[in-house]
Amino acid sequence: IGLLLKENGYNVSGSDRESSEIIENLVNKNLHIDIGQKKENIKNPDLVIYTDAISDDNEELIAARKLDIPVVTRGIFLGALMRNYKNSIAISGSHGKSTTTSMISKILMNSSKNPSILLGGELDEIDGNVHVGDKDFLVTEACEYKGNIRYYYPSTIIILNIDEDHLDYYKDLNDIVETFKQYLRNQDKNSKTILNLNEENNKLILDSIQGQLITYGQDNPKADYNATNIKFDDLGRPNFDLIMKDESVEHFELSILGRHNINNACASIIATHENGVDIEIIRKYLKAYTGLERRMEILGNVNGANIMTDYGHHPSEIKVTLNALAEHTKGRLICVWQPHTYSRTKALFNDFVESFNDTDEVIVTDIYAAREKFDPSITSKDVVDAMVKKGKNAKYIPTFEQAKEYLLSEIKKNDLVITTGCGNPDKLAKMIVGK
């Protein structure tokens, strides 16, 4: 958002607690970024935008409020930003948002459109996670965390799935469903909602859709767009026929792994086709799409074993990814999981214990606290002990350095090692391959 605003003529500065590749990219594009957050960084701006990771005791936020500077969350600002675009596509769901957003982005970037793009991952096509295009199209992820989707007013809504997540904010699944309903009720009669009809929880929000409903599914004749005749190559890359809304049949091939990516592809096909992109362009650039960084990304090969990293941090995501990989792994499938936040680990404890059943071995490192303070009532060892009780080959290895040493002594030809989590487990994968 900072870069998008700067390219539209605004003077933008910002801060973060530590540097990163994304921060360095912003600095290279002449945004002033302070590393370390302190009240002195607030130098009388017209507006302060802050993310949900910022707590009320943040020095800069307190300083801005004391100076009566308007402050808004990123979610509220993004909702306002959407209104400036003729067409906006917002992708929601507990899983698959970044992949679907980047698929749509790749297709639109290679069509006659020039979209502005806000991504949760990094896409080679735009050399990062943001692209400043024209005012015809905005493509963005629409995360439901802290109810942010209630502030969004896109012309095209995509609902991939609804699952129990962000339980540090929501009471339960019903609370999450009600937030999605409120999001849909905000829309006008000209909006389009693209929804996966195979997802049971998605059916709970059908009565709240205001505009046109367009559904898709796998082997689901009730859906407007129905993926059938699904096949996989030796690596697990799917191809399928899509029965279109007008009953015509189009064939698509993907270059990324897993049955779950058929759903992401269907949403992308419909969103771009319904917004005027030729089907041949869609077919060509879906096949050319090779994924985002940290989404089932292969980083290298060590001792004949492939080393991958993934962003999956919810039990359902992890389970689907490991299932897709297990089907085509010749040796052992070894997963290193870095739990993300104490609250998520505790709230979904039993689901996490059952998420790694497709692995031959699971290694759990220390919990990545992110925005949370240390909570002694839940540890990674607790999860490992519960897995071992269920007969799982699980080990608690606290640090990345220890995990690296263990894996380098263990992995053999045809094994597959995948690190997963939305903290920084990709760092471990890079350590293993020597990057």
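The values are calculated or read from the model by the stated rules, or taken from the named source; none is laboratory data. Small disclaimer: the values here were computed from a predicted structure and weren't measured. Heads up, the Cβs are rebuilt from the backbone with ideal geometry, glycines too, and the neighbour counts pull from every protein chain shown. Heads up: the accessible areas ignore ligands, DNA and RNA and are worked out on the full protein's heavy atoms, side chains in. Shrake-Rupley method; radii C 1.70, N 1.55, O 1.52, S 1.80 Å.
Worth a mention:
- Filtered residues of the range 158-186 (kept if more than 10 Å from Glu144 (Cβ to Cβ) and free of Cβ contacts under 8 Å to residues at least 24 places away in the same chain): Lys171, Asp172, Asn174, Asp175, Glu178
- Among the residues of the range 173-191, none qualifies, meaning not one is among the polar types (S, T, N, Q), under 20 Å from Asn161 (Cα atoms) and part of a strand (DSSP E or B).
- Close pairs (8 angstrom Cβ cut-off, 6 or more residues apart or separate chains): open to solvent by less than 10 Å² (accessible area, probe 1.4 Å) in the range 145-157, of a type in the set (Asp, Glu) anywhere: Thr156/Glu274
- Hits in the range 348-368 (condition: open to solvent by 10 Å² or more (accessible area, probe 1.4 Å) and in contact with a Phe, Trp or Tyr (Cβ under 7 Å, 6 or more places away or on another chain)): Ile367
- Positions within the range 251-273 being modelled with pLDDT of 95 or more and open to solvent by 40 Å² or more (accessible area, probe 1.4 Å), in sequence order: His251, Glu253, His273
- Here the range 113-140 is the region considered, the condition is being part of a loop (DSSP other than H, G, I, E, B) and in contact with a helix residue (DSSP H, G or I) (Cβ under 9 Å, 6 or more places away or on another chain), and the residue that is least open to solvent (accessible area, probe 1.4 Å) is Pro115.
- The range 288-330: number of residues that are within 27 Å of Lys106 (Cβ to Cβ), open to solvent by less than 30 Å² (accessible area, probe 1.4 Å) and part of a strand (DSSP E or B): 6
- Scanning the range 268-287 for residues that are of a type in the set (Ser, Thr, Tyr), assigned to a helix (DSSP H, G or I) and closer than 30 Å to Lys430 by Cβ turns up at least one hit.
- Residue that is surrounded by the most Cβ atoms within 10 Å (Cβ to Cβ), among those in the range 210-230 that are of a type in the set (A, V, I, L, M, F, W, C) and under 24 Å from the mean Cα position of the chain (by Cα): Ala227
- Of all residues making up the range 54-108, the number that are open to solvent by less than 40 Å² (accessible area, probe 1.4 Å), among the charged types (D, E, K, R) and part of a loop (DSSP other than H, G, I, E, B): 0
- Residues of the range 1-23 satisfying the condition of being of a type in the set (D, E, K, R), surrounded by fewer than 13 Cβ atoms within 10 Å (Cβ to Cβ) and either in contact with a helix residue (DSSP H, G or I) (Cβ under 6 Å, 6 or more places away or on another chain) or more than 21 Å from Glu60 (Cα to Cα) (or both): Glu21
- Residue match in the range 331-347 (condition: within 22 Å of Leu173 (Cα to Cα), open to solvent by 30 Å² or more (accessible area, probe 1.4 Å) and among the hydrophobic types (A, V, I, L, M, F, W, C)): yes
- Selection of the range 27-53 for residues being in a loop (DSSP other than H, G, I, E, B) and polar (S, T, N, Q) yields Asn30, Gln37, Asn44, Thr51.
- Residues that are touching a strand residue (DSSP E or B) at 6+ places or on another chain (Cβ under 8 Å), open to solvent by less than 70 Å² (accessible area, probe 1.4 Å) and assigned to a loop (DSSP other than H, G, I, E, B) were ranked within the range 373-413; the one that is farthest from Arg344 (Cα to Cα) is Ile411.
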